[in-house]
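The next block holds one structure in the form of structure tokens; read it before the comments.
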Amino acid sequence: MSRPETDEIVVEHLTKQYKKLRAVDDLSFRVRAGRVTGFLGPNGAGKTTTLRMLLGLVAPTAGTATFGGERYHDLPDPIRRVGAVLEASSAHRGRTGRNHLRMICRAAGLPDGRADEALALVGLTPAANRKFKGYSLGMKQRLGIAAALLGDPPVLLFDEPFNGMDPEGIVWMRGFLRSLSREGRAILVSSHLMSELEDTADHLVVVGRGTVIADTSVAELIAAASADRVTVRTPARADVMTLLARAGAEVTATAPDVVTVSGFSSERVVGLLSENSVPFSELSAHRATLEEAYMELTRDAVEFRAAAAS
């Protein structure tokens with residue numbers, strides 16, 4: 001199928017007030033074409049409300065969300081412009097996956113053959129004639145994605161697409177999202193699985209308590225969280241910790257022979273250890289994971305926090 005020119009998602013000052021609760025507060029960001037944008041935030045941060053406002057399922061109190069300059073409700077042929085999965089696909093339990101998609105095609109004026117094309121895209125062709133009641137959660141996720149792709153839209157929104165996927169499915173999903181972005185589509189993915197987004201997303205929008213707290217690339221966020229952190233492997237852990245702590249560094253023992261140093265560059269740590277003849281066998285600049293960067297960023301934005309385990 002031929003697709004319309006690629007659209008972008010533009011969110012400007014989006015706000016949603018529920019009586020005394022402001023679920024989304026003056027949110028502004030852009031989801032550009034040709035990249036996967038991860039949408040992150042703690043529970044209660046306003047992610048789901050934002051996604052529902054994007055699709056016109058919830059009316060905003062203020063602000064706008066547009067696709068190529070148009071609100072979702074104003075799109076003349078929405079299935080060809082925006083595809084979305086907000087939860088695992090739901091369908092009639094006795095209907096096959098193929099017939100479920102064909103029903104959507106007929107309602108949208110798409111040819112029946114598009115159902116089989118979409119099933120092939122998500123790897124569900126072998127289960128096309130299986131009834132929905134026999135689908136696993138991962139298969140339901142794939143069926144929902146197939147439905148989102150029926151109109152071959154330039155914009156895709158996925159909420160927790162890795163849920164229910166087995167390891168093979170997770171690997172497939174990573175590659176599939178990247179391939180869709182290489183086709184020039186604008187893709188917004190909400191997920192709690194940091195390791196999956198670290199390997200998949202190009203850009204991140206992080207929200208906390210309804211507001212944007214970061215709008216940056218994955219590489220930039222990880223670099224900021226990794227700055228001036230050094231890992232030292234040494235047979236003299238106590239000496240290393242004492243020396244560097246006295247010099248003003250923040251030092252943490254992370255293994256019997258490993259120390260993590262914060263606040264000092266690699267060059268400064270090497271200089272201090274060498275000048276004081278403190279032995280070490282390995283020294284490397286620390287690279288934070290996306291999960292570490294995210295936890296640090298959202299430390300003050302978590303609404304529900306459990307007590308530490310004793």
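The values are calculated or read from the model by the stated rules, or taken from the named source; none is laboratory data. Nothing here was measured: the structure is a model prediction, and the numbers come from that model. Because the Cβ atoms are built from the backbone with ideal geometry, glycine has one as well, and the counts that use them run over all protein chains shown.
Quick notes
- Flag not set for L137, criterion: of a type outside the set (D, E, K, R), assigned by TED's automatic domain parsing to the domain that holds R52 and at pLDDT 95 or above.
- Sole residue being closer than 30 Å to N276 by Cα and polar (S, T, N, Q), chosen from T234, T211, T216, T200: T234
- Sub-9 Å Cβ pairs linking a first residue in the stretch 15-38 that is closer than 18 Å to L157 by Cβ to a second residue that is hydroxyl-bearing (S, T, Y) and surrounded by fewer than 16 Cβ atoms within 10 Å (Cβ to Cβ), at least 6 apart or interchain, are K16/T61; V24/T61, ordered by first then second residue.
- Any hit, the stretch 179-195, residues being under 17 Å from A219 (Cα atoms), of a type in the set (D, E, K, R) and assigned to a helix (DSSP H, G or I): no
- As a summary of the residue check, T48 satisfies the conditions (1) part of a loop (DSSP other than H, G, I, E, B); (2) out of contact with any Gly (no Cβ under 8 Å at 6 or more places or on another chain); (3) modelled with pLDDT under 95 except for the one numbered (1).
- Test: G63 is farther than 14 Å from D7 by Cβ, small (G, A, S) and either exposed (fewer than 15 other Cβ atoms within 10 Å of the Cβ) or modelled with pLDDT under 95 (or both): no
- From V218, V259, residue being touching a residue at least 60 places away in the same chain (Cβ under 8 Å) and either in contact with an Asp or Glu (Cβ under 7 Å, 6 or more places away or on another chain) or not aromatic (F, W, Y) (or both): V218
- Condition check for V31: in contact with a His (Cβ under 9 Å, 6 or more places away or on another chain) and among the β-branched types (V, I, T): yes
- Scan the stretch 2-28 for residues that are within 24 Å of T200 (Cα to Cα) and either modelled with pLDDT under 95 or surrounded by 20 or more Cβ atoms within 10 Å (Cβ to Cβ) (or both) and the total you get is 8.
- Residue within the stretch 53-68 that is outside any loop (DSSP other than H, G, I, E, B), touching a helix residue (DSSP H, G or I) at 6+ places or on another chain (Cβ under 8 Å), free of Cβ contacts under 8 Å to residues at least 40 places away in the same chain and in the same structural domain as R30 (by TED's automatic domain parsing) present: no
- Residue in the stretch 106-116 that is in contact with a strand residue (DSSP E or B) (Cβ under 8 Å, 6 or more places away or on another chain), crowded, with 18+ Cβ neighbours inside 10 Å and touching a residue at least 24 places away in the same chain (Cβ under 8 Å) present: no
- Single unsatisfied condition, Y135 versus (1) crowded, with 20+ Cβ neighbours inside 10 Å; (2) farther than 24 Å from N163 by Cα: (2)
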